[in-house]
Amino acid sequence: MKEILLSELEYITPKMAQTLKKNNISTVEDLLFSFPNKFDDYTIVSYDEAMPDVNVTVGGVVQTKATVSNIKTKLSIMNFFVDIDGNKVRCTIFNRHFLKSKINYGVYVRLTGKFNEQKKSFTASEISFNEFSNNINPVFNIKGISDEKILALKEKVYDDFADEIEETMPKDLMTELGLIPLRRAIKYINIPEDNEEISKAIKRIKYEELLFYQLKIKYLLYMRKSHPEGVSIDFDKNKIDDFIKGLPFELTLDQKKSVDEILNDLNAPYKMNRLLQGEVGSGKTVVAAIALYAVITAGYQGAIMVPTEVLANQHFITFKDFFEKSGIRVELLTSSVNPKDRLDILSDLKNHKIDILIGTHALFQKDVEFGKLGLVITDEEHRFGVRQRVSIVGKGYLIDHLKMSATPIPRTLAISVLGESDISIIKTLPKNRKNAITKYLQYSERKEAIDHIKDEVSKGHQAYVIVPMIEESEAIDLTNATEVYERMVKYYEGFCKVGLIHSRLKKEEKDQVMKDFSENKIQILVSTSVIEVGVNVVNATTMVILNADRFGIAQLHQMRGRVRRSEYQPYCYLVSDSTNSSSIDRLKLVEENSDGFVLAEEDLIIRGPGDFFGEKQSGMVPFKMANLVSDKDILEVVNEVANKLIASNTLFDNPDYHNIYKIVDDNYNNKKEMLD
């Protein structure tokens, strides 16, 4: 069916074949596997079953001629009486005056619309005179060809080629999951007789899509570990233990567990592909430092790739502090490094005089060569495109890759989109860290937040005031931030210093403001959302977010985490006058929940799996029927099935599974270079 072109079929005109091709339908398989995107149900409901003010389809016999009234230009009303199951009902339909001649006594009509409260009158949106037309009409939305023509074409093509539809699932698996054969599913989804057929077809297609997806993901993980292509890094465990003992704090249980998991991966013969996730302030950075120290004790270099210069600078300072007494050389490479210093860094990097290189997208450039790269760490890695990640990972020989994210990953995505990665989770916060007290305020109540800032500053603490960016207009964005800043300066005059940071500032100006804020020369920082990633000012205890409805759940939670970096009680104020009910619900959810994983699940439902990771990855789950969010119950079932098929070797040894094995193995060979 893949090879049979529709243009070769005698009952398809060249014009229709061309129109179908424009809709990416060229072969028999393309046509039968392009599913409807919805179904219009015209199943007739009896008069007694029909509920008032609910859309239904009824059938009846016309009792009177139709009368037409023209209310105004392009608006006409046609009225007539119909006998529906022995009940005389007045029927009204708009702008169908051209059908008046067809409506005569004794004519059968099928009407779709709503009854009034007393069920004495019926307002119809659609009318049909065919007593034997289909109850269910699939809607294909193929541009340039009506649904009726597509349905007729699918009926003909299915009759001619149904025998060539090959079953993809073994019988025992279909029985276990309660699924119909693929051939029947293709008929039911394209040419349904009733809703039961549609349900059975959708179930079969969704289960197959999600099962095959999970098997592909699990197979990638299986091959990485069962057929290793990595290098076992022989680190010095005693030195690592001494390094951990020398830290000015004790690691949490989750940090210790994460370190053990990472060290096991480094020591294993396969390439590490691990995601380290934890809330802002949960202590991911020290875990990353230990991992880097481990590869350095084995004679390798490490690289840290981050999405912003602010975060790169932050990490540079932090890691220099970590390794101050150990003789490890840490360098920073961003687009702001001057050309001479850049050449020196590149030369020293190639000659293995640098142990750790921290940078932004500047690390992707071809002239960046490492002497002996052993570990790449990407922070907030979902912000990079797949090719960018492969590019940096490709700078070493079979190197290990640790990905860090402060965005908690919902289980749905952890077992699907990220299923080929091992995952370490830091849920417990370091000792004495407290969850932020969060309040959702109307603008009329904002004085509470303003007075609270004054109170906190008087205790020696600092505060952020966030003004959201308006993507369509940098000018408006700047005006908003500047206005808020000027009002703050005036209000707190003589009490404390207020700083401003926004997208139009030069790098040197931004760096100076951030330096002054980190040194407490500025007590209140008014900012656009540029501080969302990577700013670490331990003394800041209050976060006020204006127009908070402009931010997503994950953004709000991450920004709130920026004031949860010390033993002091943190506070967060969400200020918004939005009247949009979903925005209000979102803000209340953040106000009431401090668990990032609970919030991540809700965020996933709102944004969908593609957008959860950002626009760059929106096409990562191309299902025709299944949905990772709404079908998460099916996903859980097929995830277990996929685990069982691989763990028991059924996928490899049972001849009934040969077709499925070929599909997942081909996928592995094609996607192998994207594994990291």
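On the given criteria, is residue 366 open to solvent by 40 Å² or more (accessible area, probe 1.4 Å) and not in a helix (DSSP H, G or I)?
yes
Does at least one position in region 340-352 carry a residue that is open to solvent by less than 40 Å² (accessible area, probe 1.4 Å), closer than 29 Å to residue 408 by Cβ and either modelled with pLDDT under 95 or among the acidic types (Asp, Glu) (or both)?
No - not one qualifying residue is present in region 340-352.
Conditions first: (1) open to solvent by 10 Å² or more (accessible area, probe 1.4 Å); (2) over 24 Å from residue 512 (Cβ atoms); (3) out of contact with any helix residue (DSSP H, G or I) (no Cβ under 8 Å at 6 or more places or on another chain). Residue 288 passes all but one, so which condition is the exception?
For residue 288, the failing item is (1).
For region 278-324, which residues satisfy the criterion of being in contact with a Lys or Arg (Cβ under 8 Å, 6 or more places away or on another chain), touching a residue at least 60 places away in the same chain (Cβ under 8 Å) and closer than 12 Å to residue 355 by Cβ?
297, 299, 300, 301, 303
Residue 39: closer than 17 Å to residue 141 by Cβ, touching a residue at least 60 places away in the same chain (Cβ under 8 Å) and in a strand (DSSP E or B), yes or no?
Taking the combined requirement at face value, the residue satisfies it.
So residue 136 fits all but one of (1) open to solvent by less than 60 Å² (accessible area, probe 1.4 Å); (2) at pLDDT 90 or above; (3) β-branched (Val, Ile, Thr); what number is the exception?
Against the list (1) open to solvent by less than 60 Å² (accessible area, probe 1.4 Å); (2) at pLDDT 90 or above; (3) β-branched (Val, Ile, Thr), residue 136 comes up short only on (2).
Among the residues in region 60-73, are any assigned to a strand (DSSP E or B) and within 45 Å of the chain's Cα centre (by Cα)?
no
Can you name the residue in region 465-489 that is of a type outside the set (D, E, K, R) and either assigned to a loop (DSSP other than H, G, I, E, B) or modelled with pLDDT under 50 (or both) and, of all such residues, is surrounded by the most Cβ atoms within 10 Å (Cβ to Cβ)?
467
Identify, by number, the condition in (1) open to solvent by less than 60 Å² (accessible area, probe 1.4 Å); (2) assigned to a loop (DSSP other than H, G, I, E, B); (3) free of Cβ contacts under 8 Å to residues at least 60 places away in the same chain; (4) of a type outside the set (Asp, Glu) that residue 105 doesn't meet.
(1)
So which residues in region 127-148 are charged (D, E, K, R) and touching a residue at least 60 places away in the same chain (Cβ under 8 Å), if there are any at all?
Within region 127-148, 131, 143 meet the criteria.
Please work out if residue 49 is in a loop (DSSP other than H, G, I, E, B) and without any contact (Cβ under 8 Å) to a residue 40 or more places away in the chain.
So residue 49 fits the description; yes.
Can you tell me which residue in region 172-197 is nearest to residue 151 (Cα to Cα), limited to those that are assigned to a helix (DSSP H, G or I) and open to solvent by 50 Å² or more (accessible area, probe 1.4 Å)? First the steps, then the outcome.
First pass over region 172-197, keeping only residues assigned to a helix (DSSP H, G or I): 172-177, 182-190, 195-197.
Those still in the list that are open to solvent by 50 Å² or more (accessible area, probe 1.4 Å) too: 172, 175-176, 183-184, 187, 195-196.
Working: 172: 33, 175: 30, 176: 32, 183: 17, 184: 16, 187: 11, 195: 17, 196: 19 Å.
Only one residue fits best here, namely 187.
Within region 260-270, restricting attention to residues that are crowded, with 16+ Cβ neighbours inside 10 Å and not in a helix (DSSP H, G or I), which residue is modelled with the highest pLDDT?
Going through the qualifying residues, I end up with 268.
Could you tell me which of the residues 225, 218, 200, 257 is in a helix (DSSP H, G or I) and more than 21 Å from residue 418 (Cα to Cα)?
200
Consider region 7-18. How many of its residues are part of a helix (DSSP H, G or I) and within 28 Å of residue 135 (Cβ to Cβ)? Explain how you work it out, then say what you get.
The initial filter retains those residues of region 7-18 that are part of a helix (DSSP H, G or I), namely 7-8, 14-18.
This time we only want the ones that are within 28 Å of residue 135 (Cβ to Cβ), so: 16.
Residues that pass the stated criteria total 1.
The values are calculated or read from the model by the stated rules, or taken from the named source; none is laboratory data. As the structure is a computational prediction, the values presented were derived from the model and not from experiment. No Cβ is skipped: glycine too gets one built from the backbone with ideal geometry, and neighbour counts run over all protein chains shown. Side chains are part of the model used for accessible areas, which takes the heavy atoms of the whole protein and leaves out ligands, DNA and RNA. Shrake-Rupley method; radii C 1.70, N 1.55, O 1.52, S 1.80 Å.
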